[in-house]
Structures are given as C-alpha cells and as structure tokens.
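**Student:** Could you have a look at this structure, given as structure tokens, before my questions?
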Ligand code: MN
Ligand code: MN
C-alpha cells in the first residue's frame, strides 16, 4: 500500500504543512519493499540514541525533521524542485528497539538494504551517529568500498569511547577497518574543539584520510574547501554523512555534543548541495538532531530538513 498524504488536497494542488499523515515533505509513504521500484530516493527514519556519550534525545529527530520539512517547490537559487525531478518516497522508520543497539543496527541495515536492492538512494534521518555504521555497510555491501564525505565537529574515528567499541564516536574507525570505506577517498570537513587526540589523528594520517578543519573553512572559505574535498573523493560511489553538530550551536542548539566555533547554516547548506551535485552519492544520512533540547524546540530539526532538501537538490542537479 502507498499512502499519498496529498490525496485529500488534490483539488487544491497543495497541502498545508501541518495537516495530513506525517511524511518527509509530503512524499508518498510506504513500508512495502515491493513498491519501492521506480522511486529515485527513499527517506528512512532511524530513531535511536542508545549509543551517545553525552546528551540523549536524537531518537526524536526523524519525527521532528519530517514535521519541519518544507513542501515541494523550486529552490530560489538553483530553481531546482527536487520533488518534481526525483520520485521521492518516505519508507517509514527502521524497526528500532530501545536499549538493544545491536538489533537496532541490524534493523537499520536491513531497511537501508531493502531500499538499495530496489535501486533507490537511501537518505537516513538519525538518530545518533552510530547509525552511520549500518547505513554505510549496507551501501558498501552493494556498491563496494565507498568514498565518504563526512561533515562533523568530530572525526568519529575512536577505537572506543568509555571502553565501548560500538558508539557514536567510533563508526568511521570501524568502517575503514572493515574495508567499507576507502580511506584514500574519505574526507572530513568542519573539525574543531578538543577531541580526538594525537593517536586518532596519527591513525588517520597513516591511512591517508583527509581532514579539513574549521580553521581551514575560516581561512580559505567553504567553497574552496568543498572543491578540494570533491577532488580528493573523485569518481566512484560516495556516502554523504552529516552530523548536525558541525554547525555552530547558535544555528543548531539541539544536538548531542555541541561545540562553539562551527559553520553557519548557509555554509553547510551550500556545501551539501555541491557535494551531492558533483559526486555520485549512493546514500546519505543526517544525524544527531535533538529537537527536545532546551531552547531548541525545532530550530535544529528545521535546519536538518533543509540539509536533506539541499542533498536532494544536489542529486537532482547531478542527473541533469
Ligand atoms: Mn559530532
Ligand atoms: Mn559524529
């Protein structure tokens, strides 16, 4: 069954954002893998935050981002209407289980896999950043080792956090070690603050991982940094992962490990669109959105929606 949230407003050509079944951007909803064929992009929720090291609440991210999502229509800068050019479906949430991160990750990997097996690009709404591991693994199992463009304050290449190996601070270490990410085609953008330390950066250098810091963005500008990142990643399948904490907390206060001195929303929105337009993005996720954090209400969900939308606009531009 496919549910079209727009159906009852068909005669009017558009639906009020606050009415009708909750789906990403008013996209049709299905949970049936046999009905995915023919779509270009599927939105998947991964509402889990059992593996955070600091503030919980990212489990509320997917619903908040859907509620904040803007309806179809062209973006004013590019004049791209991703909803007109791409067939977008909301595939619902993976069957997460509270306090059981192992089975939760299995469910996320299986759900992303169903989307990929139908020839559809998955865009996953987190959830804490540990979900990048099942997301990327599902993509790599079908496309081979991937390039990775990773926007974040943190490298997430720890071997463990508080002695825990599967954490929101370790997915990138594990994905490189397991061969799912080609470290020579892996770039990080937006690093700053006080974590990680020299052992992690030494490991990154050994493997040829390219790190762009916030001071690179400050000194050279986001366009130059993104152009370098696109050159490093080059041809071949790419996963795009966006930890919303790459933004300055002034723009996204609702996140698990906020760090002042980050990107503006404008820098990040332009950057993700450019990455998706220039590279062959086979999957993406947007993570660490805590809509319930104090004073954030839905400011962070709102910018997370626009990040997803600019990824969609980029994919639409890539196909022109
Ligand atoms: Mn982070
Ligand atoms: Mn992260």
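The values are calculated or read from the model by the stated rules, or taken from the named source; none is laboratory data. Note that the coordinates shown come from a computational prediction; the quantities given were computed from them, not determined experimentally. So basically every Cβ, Gly included, is an ideal-geometry build from the backbone, and we count neighbours across all protein chains shown.
**Student:** Quick test of your reading of the structure: residue 260 fulfils all but one of (1) more than 16 Å from ligand 2 (Cβ to nearest atom); (2) modelled with pLDDT of 95 or more. Name the failing condition by number.
**Tutor:** (2)
**Student:** Can you spot a residue in the range 229-248 that is without any contact (Cβ under 8 Å) to a residue 24 or more places away in the chain and either within 16 Å of ligand 2 (Cβ to nearest atom) or out of contact with any helix residue (DSSP H, G or I) (no Cβ under 6 Å at 6 or more places or on another chain) (or both)?
**Tutor:** Narrowing the range 229-248 to residues without any contact (Cβ under 8 Å) to a residue 24 or more places away in the chain: 231, 248.
Those still in the list that are either within 16 Å of ligand 2 (Cβ to nearest atom) or out of contact with any helix residue (DSSP H, G or I) (no Cβ under 6 Å at 6 or more places or on another chain) (or both) too: 231, 248.
There is at least one residue in the range 229-248 that is without any contact (Cβ under 8 Å) to a residue 24 or more places away in the chain and either within 16 Å of ligand 2 (Cβ to nearest atom) or out of contact with any helix residue (DSSP H, G or I) (no Cβ under 6 Å at 6 or more places or on another chain) (or both).
**Student:** Please count how many residues of the range 204-225 are surrounded by fewer than 20 Cβ atoms within 10 Å (Cβ to Cβ) and without any contact (Cβ under 8 Å) to a residue 40 or more places away in the chain.
**Tutor:** 13
**Student:** Here's something else I'd like to know. Mind listing just one residue for me: the one in the range 143-177 that is in contact with a strand residue (DSSP E or B) (Cβ under 8 Å, 6 or more places away or on another chain) and in a helix (DSSP H, G or I) and, of those, farthest from ligand 2 (Cβ to nearest atom)?
**Tutor:** Per the criteria, the residue is 143.
Here is a yes/no grid of residues against (1) buried (at least 16 other Cβ atoms within 10 Å of the Cβ); (2) under 22 Å from residue 247 (Cβ atoms); (3) away from ligand 1 (no atom under 16 Å from the Cβ):
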{"residue": "148", "(1), (2), (3)": "yes, yes, no"}
{"residue": "155", "(1), (2), (3)": "yes, yes, no"}
{"residue": "165", "(1), (2), (3)": "no, no, yes"}
{"residue": "169", "(1), (2), (3)": "yes, yes, no"}
{"residue": "181", "(1), (2), (3)": "yes, no, yes"}
{"residue": "184", "(1), (2), (3)": "no, no, yes"}
{"residue": "192", "(1), (2), (3)": "yes, yes, no"}
{"residue": "199", "(1), (2), (3)": "no, no, yes"}
{"residue": "202", "(1), (2), (3)": "no, no, yes"}
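**Student:** Would the range 55-64 turn up any residue that is touching a helix residue (DSSP H, G or I) at 6+ places or on another chain (Cβ under 8 Å) and more than 24 Å from residue 163 (Cβ to Cβ)?
**Tutor:** Scanning the range 55-64 turns up at least one residue that is touching a helix residue (DSSP H, G or I) at 6+ places or on another chain (Cβ under 8 Å) and more than 24 Å from residue 163 (Cβ to Cβ).
**Student:** For residue 244, are the conditions met, namely being buried (at least 23 other Cβ atoms within 10 Å of the Cβ) and touching a strand residue (DSSP E or B) at 6+ places or on another chain (Cβ under 7 Å)?
**Tutor:** Working: buried (at least 23 other Cβ atoms within 10 Å of the Cβ): yes; touching a strand residue (DSSP E or B) at 6+ places or on another chain (Cβ under 7 Å): yes.
Against the criterion (buried (at least 23 other Cβ atoms within 10 Å of the Cβ) and touching a strand residue (DSSP E or B) at 6+ places or on another chain (Cβ under 7 Å)), residue 244 qualifies.
**Student:** May I ask you to list pairs of residues, at least six apart or on different chains, whose Cβ atoms are under 6 Å apart, with the first in the range 4-23 being under 17 Å from residue 87 (Cα atoms) and the second being outside any loop (DSSP other than H, G, I, E, B)?
**Tutor:** 5/26; 6/26; 23/29; 23/90
**Student:** Which residue is surrounded by the most Cβ atoms within 10 Å (Cβ to Cβ), if the candidates are limited to the range 50-87 and must be over 20 Å from the mean Cα position of the chain (by Cα) and assigned to a helix (DSSP H, G or I)?
**Tutor:** 85
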